[in-house]
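So the structure is just underneath, and the comments pick up after that.
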Amino acid sequence: MNILNRLFKIGQSEAHSAVNQLEDPIKMTEQGLRDLRQNLDKSLHGLAEVKAMAIRARNENEGFHTKALDYENKAVLLLQRAHKGELDSTEADRLAGEALLKKAENETQAARAATDQAQFERSAAQMDQNVTTLKSTISQWDNELKTLKARVTVSTATIAINKQMAQLDSSGTVALLERMKEKIAVQEALAESYGEIAQTGKSIDAEINQALGTTGAGKASEDLKALKAKLGYSE
């Protein structure tokens, strides 16, 4: 399981070359997961092949046993026919002997196939355990990768916020606010002053107009009458 040893070294890599760069272990973990999945595919393919060989050995075992039994039955039939006089006894013995040789050969082949079947099944069981371990490891690392990515996202956002907060000059900001307040107060006072001036100007004009409308207009009317009398104009 060299790939597992490689993955377990990620912690050492973090301590040496990626102390402040979480992207490196993330990439290494992703590559490790890709390698694991490739090994899993190969293991599944190999497991299928070994199981297929075990099935083939089992079928061969059953086939050889069937043939051995068939040759044994043929030998019995030959001897039975010879006993009944239906077949020459010498020929029957020869053919029965050949049938028994064939039976023995098939039994030998059946035993070999049984041995192969047992070996293939043991290999398949071991490979099945390896496949289960690979699946479990992939699931574990996949979950840890998701957690690592989430931690990177949170830490990156936290660093950005803390950096902005660290760059804030509280005393400078307060001074700026005080200057702005002072400037606004000056502008407000100036606006109020112009308003009072404008109001004062309007009051003087109103007083003048009022004075002209009462005394000035009356006197002008009297002077007009006097002028007309002097000229002999009648109203």
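The values are calculated or read from the model by the stated rules, or taken from the named source; none is laboratory data. A quick note: this is a predicted structure, and the numbers were derived from the prediction, not measured. Neighbour counts are summed over all protein chains in view; Cβ atoms, including those assigned to glycine, are modelled from backbone coordinates with ideal geometry.
Taking the options Asp142, Asp116, name whichever one is surrounded by 16 or more Cβ atoms within 10 Å (Cβ to Cβ) and assigned to a helix (DSSP H, G or I).
Asp116
Across the range 127-168, what is the total count of residues that are touching a helix residue (DSSP H, G or I) at 6+ places or on another chain (Cβ under 9 Å) and either outside the structural domain of Val50 (by TED's automatic domain parsing) or farther than 22 Å from Gly32 by Cβ (or both)?
Number of matching residues: 1.
Among the residues of the range 79-113, which ones are outside any helix (DSSP H, G or I) and among the aliphatic types (A, V, I, L, M)?
The one that is outside any helix (DSSP H, G or I) and among the aliphatic types (A, V, I, L, M): Leu87.
Among the numbered criteria (1) closer than 25 Å to Met28 by Cβ; (2) at pLDDT below 90; (3) of a type outside the set (Val, Ile, Thr), which one does Ser136 miss?
Tallying (1) closer than 25 Å to Met28 by Cβ; (2) at pLDDT below 90; (3) of a type outside the set (Val, Ile, Thr), Ser136 fails exactly one: (2).
Could you go through the range 84-95 and let me know if any residue there is of a type in the set (Ser, Thr, Tyr) and surrounded by fewer than 17 Cβ atoms within 10 Å (Cβ to Cβ).
yes
In the set Glu105, Glu60, which member is in the same structural domain as Gln31 (by TED's automatic domain parsing) and surrounded by fewer than 17 Cβ atoms within 10 Å (Cβ to Cβ)?
The conditions single out Glu105.
For Gly46, are the conditions met, namely being within 49 Å of the chain's Cα centre (by Cα) and within 30 Å of Ser155 (Cβ to Cβ)?
Against the criterion (within 49 Å of the chain's Cα centre (by Cα) and within 30 Å of Ser155 (Cβ to Cβ)), Gly46 does not qualify.
Confirm whether Val76 is in the same structural domain as Ser139 (by TED's automatic domain parsing), in a helix (DSSP H, G or I) and loosely packed, with under 15 Cβ neighbours inside 10 Å.
Taking the combined requirement at face value, the residue satisfies it.
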